[in-house]
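The values are calculated or read from the model by the stated rules, or taken from the named source; none is laboratory data. Quantities reported herein were computed from a predicted structural model and do not represent experimental measurements. Cβ atoms come from the backbone with ideal geometry, glycine included; neighbour counts cover every protein chain shown.
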Amino acid sequence: MPARRTTSASAVLLATALVVSACSAGAAPAVEGAAAPAEAAGFPLTIEHAFGSTTLQGRPERVATVNWANHEVPLALGVVPVGMAAANFGDDDGDGLLPWVEERLAELDAETPVLFDETDGIDFEAVSDTDPDVILAAYSGLTQEDYDTLSEIAPVVAYPEAAWSTPWREVIEVNARGMGMAEEGEELVASIEGEIADAVARYPQLEGRSTMFLTHVDPADLSEVSFYTTHDTRTAFFEDLGLATPASVAEASAANDQFSGTISAEQVDTFADVDIVVTYGDEELVATLEGDPLLSQMPAVAAGAVVSLPGTSPLGTAANPTPLAISWVLDDYLALLAQAADASS
């Protein structure tokens, strides 16, 4: 497991932009010097999204978020949500917070917000109890019914195009707009981009290496190969890291707008252009891939150029890039990818 570290991108913003008071479940965060809700701050504001549009009459003071990672945007910008989804994946200590979120709350000297249990879907009653002015969900799997129900509680900022497919930059930009903090959101994106560029420069062997992400690998049944398409944020993140999208994955992704796809293992030669494979699993899974008569024919598998991420750990979770996780995992992830790139040479 990687050592915990301070998220430098958000720390820069904290030092240069906002001073925030701690927020309890019943009180909105107070932002010192924040503009009052007014037309001068760009309101009323209309945000287009997959379910139509949402109009905000004034700058929200009580921000709630649902689904994965949306709470990281207000936190990175110095605003503590009144409520947010509890982590149900990669939570190494069972407190409902991923380590980079826990660290950010500590930086803000803030108490843990109300945590919504989304094990069985969105807890609409719990969301309503936090009395939000806006509900952020730019990266989410909202259905029309979810959106309609949440909209009865407060204005909802939904994903722009497709469920679970909003790139990390757009997650920041859309959610920041929904808070009346578009400029701050752009500054956060630029800060993270700079951090990524500096880190990637230390690993020149990654440049242009074609990389795919295998998913839902069942060691007991390797008759099919499932993978994240170019619509998924994990795959899109490869390009930020200097890696390339294999033509085979791009072609398979063009057939639909789903975030994952599946082919028969008998067609595994489709992925002959893949230099590096990333997947969730352990060394035992890698050994299983290498011992399979079909999957072992993939050049990346044959070369040992496989990055196996422990799916239930923070490191595995952070392969899906989110505003605070990127800084936390960047060095560790790049080091693993570089090892695989060296193996594929």
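Couple of notes before you dig in:
- Residues located in the stretch 158-192, provided they are touching a helix residue (DSSP H, G or I) at 6+ places or on another chain (Cβ under 8 Å), within 22 Å of Pro132 (Cα to Cα) and among the aliphatic types (A, V, I, L, M): Ala158, Val171, Ile172, Ala176, Met179, Ala182
- Of the residues in the stretch 7-22, none is at pLDDT 80 or above and not assigned by TED's automatic domain parsing to the domain that holds Thr322.
- Residue that is farthest from the chain's Cα centre (by Cα), among those in the stretch 56-108 that are within 17 Å of Trp168 (Cα to Cα) and among the aromatic types (Phe, Trp, Tyr): Trp100
- Considering residues of the stretch 203-218 that are part of a loop (DSSP other than H, G, I, E, B) and not basic (Lys, Arg) only, the residue modelled with the lowest pLDDT: His216
- Residue match in the stretch 284-299 (condition: hydroxyl-bearing (Ser, Thr, Tyr) and farther than 24 Å from Gly208 by Cβ): yes
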